[in-house]
Amino acid sequence: MGSIPGNHDFWINSSPSLWTKKDQLANGFMQMYGQDVIASIQAEQSGSTTPYDFSHNPDSPAEATNIPPTTNFFWYYLLGNTAFIGYSGAHTYEETLPYLEESCQWAQSVNPSNIVLLGHWNNPGYGCEDEMTVPSLYNELKSLPACAPIASKMRYFMGHQHCNYVVENDVGFMVGGQGMSDFQCGGDFGIPVLDTTGGRFKVYFFPIQSHRGYTYYQDTLKCFRDNGISGCYHLAQVWSDTPLI
């Protein structure tokens with residue numbers, strides 16, 4: 001499982017400008033959705049038994065920008081033939097850069113068929129700087145010396161906007177429509193599936209339900225139970241189907 005924090009995980013009212021003293025600033029998120037993060041690697045190397053960096057006391061100073069170090073949210077791993085890189089868009093590019101370079105150097109060493117960048121924000125604001133949105137960071141990685149050699153293998157998935165659609169053909173995907181109402185997408189809910197078997201990069205999207213009227217929940221659930229997910233691709237939209245490099 002890979003999990004990355006969004007703006008509501010830091011500030012319950014969505015933005016640092018709406019901070020309250022009850023905000024968890026993602027201190028709870030990093031433990032509840034525990035990942036094998038950079039901080040845990042650093043802890044092991046130093047002999048610590050604490051898997052996170054608790055050096056930032058959220059009550060001192062009590063302010064919107066006193067969030068945990070980015071090492072508590074940055075991770076990378078290999079699953080099958082795909083490398084995944086997850087990061088926090090609430091931190092600065094300068095804070096994140098060393099770990100981006102580290103993850104790209106690692107990816108070069110394991111030589112995956114495909115690399116997926118996972119982040120939350122699709123647009124700046126609500127606690128995210130311009131260069132830390134997923135599309136901006138993806139474009140930055142393509143020119144970063146440590147990442148440029150593997151840039152052709154990179155794709156990205158993101159949320160924030162409560163919609164599901166293809167952002168950039170065969171490269172970028174919005175998968176933020178998980179039931180919350182949105183003035184554009186009307187509370188869409190669906191399931192994206194990444195399939196990298198057979199030497200191809202394939203993204204299928206199962207539309208499940210929308211406030212606008214459609215519902216495929218029962219049909220999709222029955223098919224999943226009877227045939228497994230890969231046996232139900234006829235119920236899905238094909239968002240991408242292209243050869244792996």
Cα axis of helix 93-110 to longest principal axis of the chain: angle in degrees, 0 to 90, nearest 10? 50 degrees
Once all Cα-Cα distances of the chain are split into 10 Å bins that start at 0, what whole-number percent is in each one? 7, 28, 35, 23, 7, 0
Expressed as a whole percentage, what fraction of the accessible surface of the range 66-175 belongs to carbon and sulfur atoms when a 1.4 Å probe is rolled over the protein heavy atoms? 50 percent
Check cross-link reach from Lys202 to the lysines: straight Cα distance under 23 Å, and skip same-chain residues fewer than eight apart. Lys142, Lys153, Lys222
In whole angstrom, the spacing between the Cα centers of the range 5-33 and the range 90-104 equals 21 Å
So between Gln31 and Glu140, what do we pick up on full extension, going 0.36 nm a residue minus the alpha carbon distance? 36.3 nm
Pop out the Kirkwood hydrodynamic radius of the range 107-155 from its pairwise C-alpha distances, inverse of mean 1/r, in Å to one decimal. 11.5 Å
Phi angles of the range 14-24, converted by Karplus (6.51 cos²θ - 1.76 cosθ + 1.60, θ = phi - 60°) into ³J(HN,Hα) in whole Hz with x for Gly and Pro, give 4, 8, x, 5, 10, 4, 10, 5, 8, 5, 7
Here, Glu102 and Leu244, labelled 7 Å along Cα→Cβ, have an inter-label distance in nm of 2.6 nm
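Report, in deg cm²/dmol and to the nearest 500, the calculated mean residue ellipticity at 222 nm for the chain, where each DSSP H run with n ≥ 4 adds -39500 (n - 2.57) and the sum is divided by the residue count. Could the numbers behind the result be given before it?
On the way: 6 runs with 56 residues, N = 245.
For the chain, the value works out to -6500 deg cm²/dmol.
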Surface per residue (accessible, 1.4 Å probe) for the range 86-147, Å²: 38 Å²
Area accessible to solvent at Arg200, 1.4 Å probe radius, in Å²: 80 Å²
In degrees from 0 to 90, rounded to the nearest 10, what is the angle of the helix 217-227 Cα long axis to the longest principal axis of the chain? 80 degrees
Find how much the distance from Glu131 to Asp226 grows on full extension, using 0.36 nm per residue of separation minus their present alpha carbon separation; answer in nm with one decimal. 29.7 nm
Relative to the chain, whose Cα atoms define the longest principal axis, helix 134-143 and its Cα axis are tilted in degrees, nearest 10, by 80 degrees
Residue by residue through the range 28-40, what is 3J(HN,Hα) from phi via Karplus (6.51 cos²θ - 1.76 cosθ + 1.60, θ = phi - 60°)? Round to whole Hz and write x for glycine and proline. x, 4, 5, 9, 5, 10, x, 10, 7, 8, 3, 4, 6
Place a point 7 Å from the Cα of Asn66 in the direction of its beta carbon; the residues of the range 85-106 whose amide N falls under 20 Å from it are 90-92
Which cross-chain or sequence-distant (5 or more) residues have an amide H under 5 Å from the amide H of Leu144, H modelled 1.01 Å from N in plane? none
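The values are calculated or read from the model by the stated rules, or taken from the named source; none is laboratory data. Quick caveat: nothing in here was measured; it's all calculated off a predicted structure. Neighbour counts run over all protein chains shown; Cβ positions are idealised from the backbone, glycine included. We work out accessible area using only protein heavy atoms, side chains counted, and drop any ligands, DNA or RNA first. Shrake-Rupley method; radii C 1.70, N 1.55, O 1.52, S 1.80 Å.
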